1. With label points built 7 Å along Cα→Cβ from the Cα atoms of Glu77 and Asn165, find their separation and express it in nm.
2. For region 228-301, what % of the accessible area comes from carbon and sulfur atoms, probe 1.4 Å?
3. What is the list of residues in region 35-66 whose amide nitrogen lies under 19 Å from a point 7 angstrom out from the Cα of Glu9, following Cα to Cβ?
4. Could you give each residue of region 76-91 its phi-based ³J(HN,Hα) in whole Hz, using Karplus coefficients 6.51, -1.76, 1.60 with θ = phi - 60°, and x for Gly or Pro?
5. Separation between the Lys208 and Glu196 pseudo-spin-labels, each 7 Å from Cα along Cα→Cβ, expressed in nm?
6. Using a 1.4 Å probe over the heavy atoms of the protein chains, calculate the carbon and sulfur portion of the accessible area of region 28-121 as a whole percent.
7. Mind scanning Lys79/Lys206; Lys72/Lys120; Lys169/Lys292; Lys154/Lys208; Lys244/Lys265; Lys62/Lys154 and naming the pairs with a C-alpha gap bigger than 32 Å?
8. Would you mind checking which residues have amide H under 5 Å from Val229's amide H? H placed 1.01 Å from N; only 5 or more apart, or other chain.
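The values are calculated or read from the model by the stated rules, or taken from the named source; none is laboratory data. Everything numeric here is computed off the predicted structure, so don't read it as measured data. When we count neighbours, we look across all protein chains shown, and the Cβ atoms used for this are built from the backbone with ideal geometry, even at glycine. Ligands, DNA and RNA are stripped out before the accessible areas are found, and what is left, the full protein with its side chains, is counted by its heavy atoms. Shrake-Rupley method; radii C 1.70, N 1.55, O 1.52, S 1.80 Å.
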Amino acid sequence: MTEGIETPEITGYASFFDELKTAIRQAQLKAGLSVNRELTTLYWQIGKDILRQQADLGWGSKVIGLLAQDLKRTFPEMKGFSLRNLNYMRAFAEAYPDLAFVQAAPAQMPWYHNCTLLDKVKEPDYRHFCIQETIANGWSRDILVHQIESGLHKRQGQAITNFANTLPKPQSELAQQILKDPYNLDFLTLAPEALERDLERSLLDKLKAFLLELGSGFAFVGSQYHLQVGGQDYYLDLLFYHLKMRCFVIVDLKITDFIPEYAGKMGFYLSSVDDQLKHENDQPTIGLILCKTKNSIVAEYALRSTSSPIGVSEYRLAEPLPAGIEEALPAIEEIQKELAKPFYLDHSTLDGPDYLT
């Protein structure tokens, strides 16, 4: 071994470590915008080499700990050579054996996004879906975790729609993909007697969270958006514009089960927006009827008879606490008052000086 590092006799270890040092130093020379890709590729290469050495020479897991110590000692200025991270590198290379795929997809994300996926997503297809969505939408790690935990892959593109019959390709396919079923509105809590207006107000209060749930590309235009048709006034619950699809999207909120009449009303709204707001370069306006519940067969029949592009989805709210439990909880003011009290530690009850550090 070089550089004065003492290493036990392990077949092939010394030459392997020297090769790693060369690869790491070469990677250090590459900088600029490609640094994340180079670093992820380096981590993949280290993981692949560890897998190969374990398979060819029968190395056990303890060698990874030794490797972590030697790498940190040799490259003290570099972070990322902990035992935990080396195990991530090994798992990363095992999960993605194809370097071309790594450079085209996972390497476009921060390293700890990849670690999160290794921890939380075991199915390869689901992991690839999360990678594609993260790259396309620029998700932070917190948002990625939220989307995984909310089961996005099971909801994306699952709304009941008539887009295939009412929109040209590829808009019909894209429109289908941007709608979900159900929508996860667990950031809201509504009383059982809440009205549609209460649901709308709550969504406006949490507009940032609602836009995140809607997905990328949605720009908020307005609530209770006023339209005048035939001298009469009409108001759209929520109006959005989708930047990628280049079309308006009307969201009609319902706190009840879906009924066919909702589709007729939405068709009227869509025609009105197309006539009054749609620019000549815009695509046809899309409608989303967001209901508390729906009968899928009834929704399919209702949409089959209309030429307006409409989707129907359910939403899920956070469950309110039972009245007895909610009443037993302290009020926010009481908690704040308790936290403001000074805290005194009685050292006479402690057994020794170690507790005082």
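1. In this crude spin-label approximation the distance works out to 6.7 nm.
2. On the way: 1740 of 3570 Å².
The nonpolar share, carbon plus sulfur, comes to 49 percent.
3. Under cut-off, by backbone N: 57-60, 63.
4. Residue by residue, region 76-91 yields x, 7, 9, 9, x, 9, 6, 4, 4, 6, 5, 5, 5, 4, 4, 5 Hz.
5. Reported label-point gap for Lys208 and Glu196 is 2.9 nm.
6. On the way: 2600 of 4720 Å².
Of the solvent-accessible surface of region 28-121, carbon and sulfur hold 55 percent.
7. Details: Lys79/Lys206 38 Å; Lys72/Lys120 28 Å; Lys169/Lys292 30 Å; Lys154/Lys208 22 Å; Lys244/Lys265 26 Å; Lys62/Lys154 39 Å.
Cα-Cα > 32 Å for Lys79/Lys206; Lys62/Lys154; rest within.
8. For Val229, the qualifying residues are Tyr234.
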